[in-house]
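For reference, the structure discussed in these notes is given below.
Nothing in this text is a laboratory measurement; each read-out follows from the coordinates by a stated rule. In this text, all values refer to a predicted model and were calculated from it rather than measured experimentally. As a convention, Cβ positions derive from the backbone with ideal geometry for all residues, glycine included, and neighbour counts pool all protein chains shown.
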Amino acid sequence: MHTTAAVILAAGASRRFGGAKLLAEIDGEPMVRRTARAFLDAGTARTVVVLGARAKEVEAALSGLGVETVVNQDWESGEMFSSVRAGLAAAAGPYDWVLVSPADIPGLSAAVISRFVQQLPAPDGLMAAVPSTGSRRGHPLALSLPAAWAVSSWVGQEARLDRVFSDRAFVAVHITGFGPEVLHDVDRPEDFDQRRGET
């Protein structure tokens with residue numbers, strides 16, 4: 001079994017949602033806590049949640065889980081990659097894979113994450129892997145440790161996660177057989193109502 005760490009991106013201001021999206025509850029549990037718990041239950045050795053907007057409230061929602069938190073001091077820029085960089089730096093360690101995911105994918109259960117991790121190949125150099133449905137890439141993005149180091153050093157216009165699929169230095173692996181649970185995020189209140197019905 002692969003050793004894994006997780007980086008969960010929870011720093012955004014949720015402007016399109018119009019409120020504290022990550023604190024919205026599914027079955028009585030804040031969405032950010034539900035997502036973090038799924039990664040923990042899937043066996044990640046270390047789970048880091050990157051905070052920004054409403055940092056104290058989101059951190060309180062994670063109380064008692066055993067996750068680590070780090071604050072992205074640049075969250076107000078709206079640049080998601082600054083959270084990726086902060087999370088990868090905090091999750092440094094001797095893991096086979098680092099799993100990177102937004103916190104607003106309520107379909108990501110422990111069972112889905114475990115099935116994905118079980119199908120990951122042995123890491124070898126700069127590798128990235130994703131679960132996919134049809135031709136669409138889902139979450140989480142798995143980075144081998146050398147890939148995580150490389151990605152965390154990117155700056156400027158080259159600093160974007162989808163670069164791992166176009167940069168020829170990387171081996172990209174698509175693991176098929178997944179459904180909408182790895183695709184659907186929550187941007188607006190109507191998305192939340194729909195995703196809650198899917199879980």
Stokes-Einstein D (µm²/s) once Rh is taken as the Kirkwood radius of segment 4-198 over alpha-carbon pairs, at 20 °C in 1.002 mPa s: 129
Segment residue 45-residue 166, extension gain: residue separation times 0.36 nm, minus the distance between their alpha carbons: 40.6 nm
Most mobile of 29, 59, 181 in a GNM of the chain (Cα contacts under 10 Å): 29
With Cα atoms, 0 to 90° folded angle of helix 189-198 axis to the chain main axis: 70
Total charge dipole magnitude, segment 4-198, about the Cα centre, Cβ charges on Lys, Arg, Asp, Glu only, Debye to nearest 20: 140
Residue 122-residue 155 FRET efficiency (beta carbon distance; Förster radius 30 Å; 0.05 resolution): 0.50
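If N is the number of residues in segment 82-151, what value comes out of its Cα radius of gyration divided by 2.2 N^0.38 Å? Don't skip to the answer; put the middle values down first.
Values: Rg = 12.1 Å, N = 70, 2.2 N^0.38 = 11.1 Å.
Segment 82-151 yields a ratio of 1.09.
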HN-Hα J in Hz across segment 61-69 - Karplus 6.51, -1.76, 1.60, θ = phi - 60°, x for Gly and Pro: 5, 9, 4, x, 6, x, 8, 9, 10
Förster radius 22 Å - calculated FRET efficiency between residue 27 and residue 59 (Cβ-Cβ, nearest 0.05): 0.55
Whole-number percent relative contact order across segment 4-198, with pairs defined as alpha carbons under 8 Å at least 6 apart: 24
